[in-house]
Amino acid sequence: MKTTKTLTLQKSTFTLLSLFFALFFFSSIAQAQEITVKGIVKGNVETEIEPLMEASVYLKGTNFATTTNKKGEFTFPKKLKKGDILVFSYLGYIKKQIKISEKSTFITVVLKEESIEMLGALNSNKRYKSKRPKQ
Amino acid sequence: MHKFGVLLFLIVIYKGFSQESDFKHINFSRADNIAKTYKSKNLNDLNKITSALTNRLDTDVEKFRAIYIWITHNIANDFRLYSKNNRKRKRFKNDSIKLEKWNSRFKNILFKKLLKRKRTICTGYAYLLKEMCAITGIKSIMVNGSGRTSTMDEEDLAYANHTWNLVKLNNKWYLCDPTWSTGISYPEEGKFIFNYDNGYFLTEPKIFFFNHFPLSKEHSLLAPNTPNFNEFVEMPVLYAKAYTILSDHINPKKMYHEVHKNQEFTFEYLLKKSINLRKVKFIFTNSVSERTVKPLVSLDKNSLTLKHTFKKRGFYDLHFYIGDDIIATYTFKVVK
């Protein structure tokens, strides 16, 4: 009789303890809030908006980075926390920084084209040749 | 008073030697080695490339050097893109809407090519340099304007055709041209050859101006004495080698001259490094013939003076050579 009692007691302590641990465990997760960030990066050229392939996405101040796939999609390889800043860049587009919040599980980023005039003059080492000036 | 004079003299001397010589005490070989050994198939991860190039270097100028050397040894000049762009820009010269549309489309093509194939034209070089500098924390801006080479005429120069950079190091602005540092294109033969030219790395503003006319005057770094566009067009033609050998081209200020027979004409230059004076020569060309003449050469410290007396009437192109390297061209009409 006595033995069964201790057994039930042990059982209940066990459940209590495990419950306690489980609570502790979940609450710690809640505190750190690790967020898996997925998203899509698009580029805005004139009036068209299309996905940007191989745009780079990196965590500001670190070397953690990834690039977008053919459809412009990415999944950031590191779990992020609230307040982290993701930087989105693609040559020829204005960089964009996005602050991560609990809701940032899927983000759509549209990068705007940088306004630059595209110019190019070829270097030459050819000897100059005068056209005879008109007299 | 005497001491004051010496001090003033020293200050003047110091001011005279600016630009790359500001960093004479720095040995670039470490930066150059890092840049020359680092390879990357494409530019997808610019942060990684930039940090690999710069994280073992201490000073901003060394970091800048590594980026500059890497770009100029890895990014090829795409003359096909260049000529396509040139054609379209000329055609849409007076139609700003079409020009803008073309520019936008072209930008897209261009940056894709730069990312994947590491080929571009001027603006791509300047943009890449600016971006990589920004990653490192160095301020650089792109400068648009007229770039001048021996093959261009006045019409080519009338609108902006070239992009280069200003970079701020130790709180001072410097000029550089990553495109022209990279090498030379031979469009007729359909090839581009990498041939690094240090002459366009942190170049003296005065000599840089001979073939770089910025759209905004202050970008010349010559303010308030920036020559105007007409003065720019009338300047002599300088070649790439002029930038590795000369720190200034003092006289003549113009390309075209009319002189009298038996008149002596003086050319003055400041040298950046020592040269073999015996190799200095003038080659005179006109539509039918070519002849080589030795001018009267004198050297005082780094100041080189050449003198020539014109004996024959006629119209000549006068090319200044040191050995096989062409430095500058002037034109002379010799009259009675």
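Just so it is clear, none of the values below were taken in a lab; they were calculated from the coordinates. As the structure is a prediction and not an experimental result, all values here were calculated from the model. Cβ: placed from backbone, ideal geometry, glycine included. Neighbour counts: every protein chain shown.
Per-structure values
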quantity	calculated
Any chance residue A:82 is farther than 20 Å from residue B:115 by Cβ, surrounded by fewer than 19 Cβ atoms within 10 Å (Cβ to Cβ) and free of Cβ contacts under 8 Å to residues at least 12 places away in the same chain	no
Sole residue being small (Gly, Ala, Ser), within 12 Å of chain A (Cβ to nearest Cβ) and more than 21 Å from residue B:71 (Cβ to Cβ), chosen from B:150, B:185	B:150
Pairs, first touching a residue at least 24 places away in the same chain (Cβ under 8 Å) in segment B:260-271, second in a loop (DSSP other than H, G, I, E, B) and exposed (fewer than 14 other Cβ atoms within 10 Å of the Cβ), C-beta under 9 Å, six or more apart	B:260/B:336; B:261/B:311; B:261/B:312; B:261/B:313; B:261/B:336; B:262/B:311; B:271/B:301
Selection status of residue B:93, out of contact with any strand residue (DSSP E or B) (no Cβ under 6 Å at 6 or more places or on another chain), away from chain A (no Cβ under 11 Å), surrounded by fewer than 14 Cβ atoms within 10 Å (Cβ to Cβ) and assigned to a helix (DSSP H, G or I)	no
Any hit, segment B:102-119, residues being surrounded by fewer than 16 Cβ atoms within 10 Å (Cβ to Cβ), more than 11 Å from chain A (Cβ to nearest Cβ) and part of a loop (DSSP other than H, G, I, E, B)	no
Test result for residue B:67, crowded, with 19+ Cβ neighbours inside 10 Å, within 20 Å of residue B:196 (Cβ to Cβ) and either out of contact with any Gly (no Cβ under 7 Å at 6 or more places or on another chain) or within 11 Å of chain A (Cβ to nearest Cβ) (or both)	yes
Which listed residue, of B:288, B:297, is free of Cβ contacts under 8 Å to residues at least 60 places away in the same chain, out of contact with any Phe, Trp or Tyr (no Cβ under 8 Å at 6 or more places or on another chain) and part of a loop (DSSP other than H, G, I, E, B)	B:288
Segment B:171-202, subset within 11 Å of the chain's Cα centre (by Cα) and closer than 24 Å to residue B:158 by Cβ, residue surrounded by the most Cβ atoms within 10 Å (Cβ to Cβ)	B:179
